[in-house]
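First up is the structure itself, then whatever we jot down about it.
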Amino acid sequence: MNVTVLPWRAHDSAVWQAATPGAVHYASPEPGAARERGLMSDEPLPVPISMRGLTKVFDEQRAVDGLTLDLRGGEVFGFLGPNGAGKSTTIRMLLGFIRPTSGSASIHGLDCTRQATAVHALTGYLAGEVHLFPHLTGRAHTELVTSLRGVHDPEPAEELAARLDLDLTRKAGAYSKGNRQKLGIVMALIGAPPVLLLDEPTSGLDPIIQHRVWEILRERAARGTTILFSSHVLGEVEQVCDRVGVLRDGRLVTVEPVADWRAHQKRRIEVTFAGALPAPGALDVMGVREVARHGPTVDLEIGDDVDALIKALANYNVLDLRTYQPTLEDLLLGYYRQEAT
Amino acid sequence: MTRLPITRKTMHDHSSAAIAILLTMIAVAVLDLSIYPSYHASLKDFEIPDALKGFLGGATSIATPVGFLTAEFFSWVPLMLVAFAIVAATSTTAGDEASGALDLLLAQPVARRRVLAEKVLGIAALIAAMCLLSFPAFMVTKLFVDFDLSNVKILTAVVNMIPISWMFLGLGLLAGVIFPTRASALTVAFGLMIAAYVIFTLGSAVEALSSVRMASPFYWADGSHALLHGLPWERVLVFLGISAAELVAAALIFERRDIMSSHTWPKRLTWARRQVQATRP
């Protein structure tokens, strides 16, 4: 097989080249652009992240159950699920930390178990709980990772830290949870790996920094980085991701583009009336459904179109109106109901 | 790019304990050599009890420089080095894994065996450094006191402490990759170390233990032997061979097994409990 090897930084290691004989190598993190420039072979590109029947059983408990999923290049994929759904276990299998009981996973065509070291050269990882070496400074951490990844320029790490308002001169033991998380993000991004596996990346961050992290991730995705992003916060996934997968009890319940996802998501609206309450069902107009009432308040479930509801409410004396984004629990309940019916 | 970054980090992690042990070794060396001239006359007729003869090793009397130094330094300092080796080895494997910090290293493009080898190299280098840096204390103190034992012999005995410490480093490492928690790894490794030491020291006095005394590594690392006859190369090679075998076994196990996070740790404990239950009749 005729292979063109024009590595970018993350591939610039003997490990990657030795561990991937015959693999089709990307010339840049933008496969499309690379193909146009004629820098790649004509063979189909390996899928950035691919899982086939991936299963992990711990002590008779199926933590991940037959997961089959492909992620596209430059895609930000939101992995949603409650605690214990199998998100972290899946990510750990992708990193080769845990061996699958059955099934397989690959990153850019490399087997995640057998070629884990080469996979790591292509992957930036942020753990669900960032554990650091308390006696080392933030800078010592970034230098350690920089050195292990064979990256020669420490400047990008410094820039990232500055963007996240992270003081690298302090010892990690003195960091707050937010600062630990920031350092974890900086370390995951060192060397601009073409795949990012991020387990709840904005957990513990304040809203301003959360937005900066989302911005950084969107920038990386625009440059072709594939991002698997686990979260249990719906709003965050909607902000950042192109597609969403919902995991429950180790099984993938659904995978869909965020746009479709938004379209059929139901928001909740609480309307408190000053005077007489509408008759039951009177507000069930165009996509609105009454779900409960308590005292002067009526709970409604609504899709995208609020216009019909506003018009219907104009006939009543409304004291207060509150809207709520659905929580992950609401969403999962919706899927339970769907399965039950 | 820094060379051997994990080795450097490991050495940094354990440097405080290593410095404390080194200072203790230097203080004891200076003290032992300083008090010897005033004690050796009174010790000449001292009959050491049978139960304590194990501490003298191959030396005939505690009044001789060899006997004195064996009893006062080389009988227990190796124990300190061995304890350091076990604690450091288990902390770099089971300890880092339980805390979740191991993920940070293993997520980088370095093979697990390299992570393990670099960590071992760091601890092994610290042990060697502690031993070698204690030697000048003997050399300098000897300039001021009358202690009739050559520097070469003392250096030989000091170097002789390294292989046994490395062997227990390998044991700690092996326990750290096999057992599910650092506490269990420490218990097993320390249990073996204490058993070996008790067999060695009491074996010369207790009839029941005398036959198994040679099974103790401390018997083969006896400091008095090195002080009297020079470095026992064949013994050193055996210790190094065992250490290498332990390292290879630990690397093979570490390469193949799941790395748990703090999230999945309870599952590993459940697994361990099941293994224990499975062994019960």
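The values are calculated or read from the model by the stated rules, or taken from the named source; none is laboratory data. All figures in this text were calculated on a predicted structure; none of them were measured in a lab. Cβ: placed from backbone, ideal geometry, glycine included. Neighbour counts: every protein chain shown. Please note that ligands, DNA and RNA were not included when accessible areas were found on the heavy atoms of the full protein model with its side chains. Shrake-Rupley method; radii C 1.70, N 1.55, O 1.52, S 1.80 Å.
Find me the longest stretch of chain B that has none of the exposed chymotrypsin sites (Phe, Trp or Tyr not before Pro), where exposed means in a DSSP loop (not H, G, I, E or B) with at most 15 other Cβ atoms within 10 Å. Please list the in-between numbers first.
Working: sites that count: B:PHE46, B:TRP76, B:PHE144.
Here the longest run is B:145-281.
Taking only protein heavy atoms and a 1.4 Å probe, the accessible area of the stretch A:266-325 is 53% carbon and sulfur.
Take the Cα of B:SER34, step 7 Å toward its Cβ, do the same at B:HIS12, and the gap between the two points is 3.6 nm. Averaged over the residues of A:132-138, the number of partner chain Cβ atoms lying within 10 Å of the residue Cβ comes to 3.
What FRET efficiency do you get for A:ALA282 and A:ARG163 if R0 is 35 Å and r is their Cβ-Cβ distance, rounded to the nearest 0.05? All intermediate terms of the calculation are to be shown ahead of the outcome.
Numbers: r = 52 Å, r/R0 = 1.48.
In this case the efficiency is close to 0.10.
The residues of the stretch A:76-110 listed by number as losing at least 20 Å² of accessible area in the complex, against the isolated chain and with a 1.4 Å probe, are A:ARG92, A:PHE97, A:ILE98, A:ARG99.
The modelled label-to-label distance for the pair A:ASP70/A:ARG223, using points 7 Å beyond Cα in the direction of Cβ, is 2.7 nm. Taken residue by residue and averaged, Cβ atoms of other chains lying within 10 Å of the Cβ of B:12-24 number 1. Taking the Cβ of B:LEU106 as the centre, find all other residues whose Cβ is under 15 Å away and add up their charges (Lys, Arg: +1; Asp, Glu: -1). So the environment of B:LEU106 carries a net charge of +3.
For the stretch B:146-248, a Kirkwood radius taken over Cα pairs fed into Stokes-Einstein (4 °C, viscosity 1.567 mPa s) yields D = 87 µm²/s.
Annotation: aspartates and glutamates with alpha-carbon distance below 17 angstrom to B:LYS44 (same-chain offsets under eight excluded): B:ASP32, B:GLU72, B:ASP146, B:ASP148.
Sort the stretch A:175-220 into rounded, prolate or oblate with this rule: let a ≥ b ≥ c be the square roots of the eigenvalues of the Cα gyration tensor; rounded if a/c is under 1.5, and if a/c is not under 1.5, prolate when a/b is larger than b/c, oblate otherwise. Taking the square roots of the gyration eigenvalues as a ≥ b ≥ c, the stretch A:175-220 is oblate. Label-to-label distance for B:HIS229 and A:ASP305 is 9.8 nm, based on points extended 7 Å past Cα in the beta-carbon direction. Across q = 0.08, 0.09 Å⁻¹, chain B modelled as identical point scatterers on its alpha-carbon atoms has Debye log10 I(q)/I(0) values of -0.38, -0.48, in the order of the q list.
Scattering from the stretch A:49-262 was approximated by placing one identical point on each alpha carbon and applying the Debye formula without solvent; log10 I(q)/I(0) at 0.11 1/Å stands at -0.50.
When the solvent-accessible surface of protein heavy atoms is calculated with a 1.4 angstrom probe, in what order do B:THR64, A:THR142 fall, highest first? Please list the in-between numbers first.
On the way: B:THR64 50, A:THR142 5 Å².
Most to least solvent-accessible, the answer reads B:THR64, A:THR142.
Under a 1.4 Å probe, what is the accessible area of the stretch A:194-244 per residue, stated in Å²? Mind showing how you got there, number by number?
Values: 1680 Å² over 51 residues.
Dividing the accessible area of the stretch A:194-244 by its residue count gives 33 Å².
Go ahead and run the numbers for FRET between B:ALA245 and B:ILE19, Cβ-Cβ distance against an R0 of 30 Å, rounding to 0.05. Before the final figure, lay out the partial values.
Details: r = 31 Å, r/R0 = 1.02.
The computed FRET efficiency comes out at 0.45.
Before we go on, tell me the buried accessible area for the A/B pair, both chains summed, 1.4 Å probe, in Å² to the nearest 100. Numbers along the way, then the final one.
On the way: alone 16200 and 13830 Å², together 27070 Å².
For A against B, buried area totals roughly 3000 Å².
Local charge for B:LEU227 was computed over the other residues whose Cβ lies under 15 Å away, with Lys and Arg +1 and Asp and Glu -1, and equals -1. Whole-percent P(r), the stretch A:266-325, all Cα pairs, 5 Å bins from 0: 4, 20, 36, 29, 9, 1. Rg of the Cα atoms in the stretch B:97-153, relative to 2.2 N^0.38 Å, amounts to 1.94. If the limit is 29 Å between Cα atoms, which of A:LYS171/B:LYS119; A:LYS56/A:LYS171; A:LYS182/B:LYS119 go over it? As for pairs spanning more than 29 Å Cα to Cα, those are A:LYS56/A:LYS171.
Taking a quarter of the surface of the Cα convex hull of the stretch A:94-196, what do you get in nm²?
Numbers: hull surface 27.2 nm².
With the hull built on Cα positions only, its mean projection is 6.8 nm².
For the stretch A:127-243, the convex hull spanned by the alpha carbon atoms encloses 95 Å³ per residue. In this view, the solvent-accessible surface of B:ILE259, computed with a 1.4 Å probe and all protein chains in place, comes to about 0 Å². Only protein atoms count toward the accessible area here, which uses a 1.4 Å probe; on chain B, the carbon and sulfur part of that area reaches 69 percent.
Over the stretch A:49-262, what percent of the accessible surface lies on carbon and sulfur atoms, probe 1.4 Å?
47
Computing FRET efficiency as 1/(1 + (r/R0)^6) for A:GLU270 and A:GLU238, where r is the C-beta to C-beta distance and R0 is 25 Å, gives about 0.75. Remark: mean inter-chain Cβ contacts per residue of B:108-117 equal 6, using a 10 Å Cβ-Cβ cutoff to other protein chain atoms.
Using heavy-atom solvent-accessible surface (probe 1.4 Å) with all chains present, what is the largest-first order of B:VAL238, B:VAL120? Before the final figure, lay out the partial values.
Numbers: B:VAL238 85, B:VAL120 20 Å².
In descending accessible area the options line up as B:VAL238, B:VAL120.
Taking other residues whose beta carbon is less than 12 angstrom from the beta carbon of B:LEU252, and scoring Lys, Arg as +1 and Asp, Glu as -1, yields +2.
Solvent-accessible area of B:LEU186, all protein chains in place: 40 Å² (probe radius 1.4 Å, heavy atoms, ligands and nucleic acids excluded). Ligands, DNA and RNA aside, A:ARG289 has an accessible area near 110 Å² when probed at 1.4 Å.
Legend: residues B:GLU72, A:GLU238, B:GLU97, B:GLU234, sorted from most to least accessible area (1.4 Å probe; ligands, DNA and RNA excluded), read B:GLU234, B:GLU72, A:GLU238, B:GLU97. Among the DSSP helices (H) of chain B, those spanning at least 15 angstrom by Cα along their long axis with an average Kyte-Doolittle hydropathy of -0.5 or more are B:15-43, B:77-90, B:112-142, B:151-178, B:182-202, B:233-256; this is a geometric and hydropathy rule only.
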